[in-house]
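The values are calculated or read from the model by the stated rules, or taken from the named source; none is laboratory data. The model shown is predicted, which means the values in this text are computed figures rather than measured ones. Cβ coordinates were reconstructed from backbone atoms using ideal geometry, including for glycine residues, and neighbour counts include every protein chain displayed.
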Amino acid sequence: MDMSAAATAQGRDLSALSSGELMKLEKQIAERYMGGLPWGSIGWGLGNLAVWLSLWPLTLSGVLPLWAAFPIATLNVMLCYLPSHEAQHRIIAREGEPLFWLNELVGHLSTIPMMLPYGVARLTHYEHHKHANHPELDPISARSRAGPGT
């Protein structure tokens, strides 16, 4: 990307641009950050799972007390969704690319601490994008989770 795209966005009234011009500018800015493997997400997903899995033998053998393992496990569950999200959107690799297996590996393994199958996470997340903020159709909406008649 040429640096002029980022420079033109700074200090400029973007409200005067058409939606096509804004899309072009957004694409130019995004291209600066695209390409290559997101090693941070890959390491995060696999490392987080390794820590979570290590808690089981450490706690069951008495090496790590339950009071110490519990907050670590809670943090693991909280941190496991982001790498899965990257995989759900095929950010690591797209289908048909040589490293697609790595995308699916991170996706499937990173959701284990949540006990949520990757396929279910991916489908519900895509439904969320399709119906974002719709009170009945968005699976993340509080109203849709409350059930019928509420």
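For segment 86-98, how many residues meet the condition of being under 16 Å from Gly45 (Cα atoms) and surrounded by fewer than 17 Cβ atoms within 10 Å (Cβ to Cβ)? Adding up the residues that qualify gives 3.
Restricting to segment 1-23, give me the number of residues that are surrounded by 13 or more Cβ atoms within 10 Å (Cβ to Cβ) and either at pLDDT 75 or above or among the aliphatic types (A, V, I, L, M) (or both). Matching residues across segment 1-23 total 6. Of all the criteria given as (1) in the same structural domain as Ala87 (by TED's automatic domain parsing); (2) touching a helix residue (DSSP H, G or I) at 6+ places or on another chain (Cβ under 8 Å); (3) assigned to a helix (DSSP H, G or I), the one not satisfied by Thr74 is (2). Of all residues in segment 51-63, those satisfying the criterion of being of a type outside the set (S, T, N, Q) and within 22 Å of Leu109 (Cβ to Cβ) are Val51, Trp52, Leu53, Leu55, Trp56, Pro57, Leu58, Leu60. Taken over segment 102-121, residues that are of a type in the set (S, T, N, Q) and in a helix (DSSP H, G or I) amount to 2.
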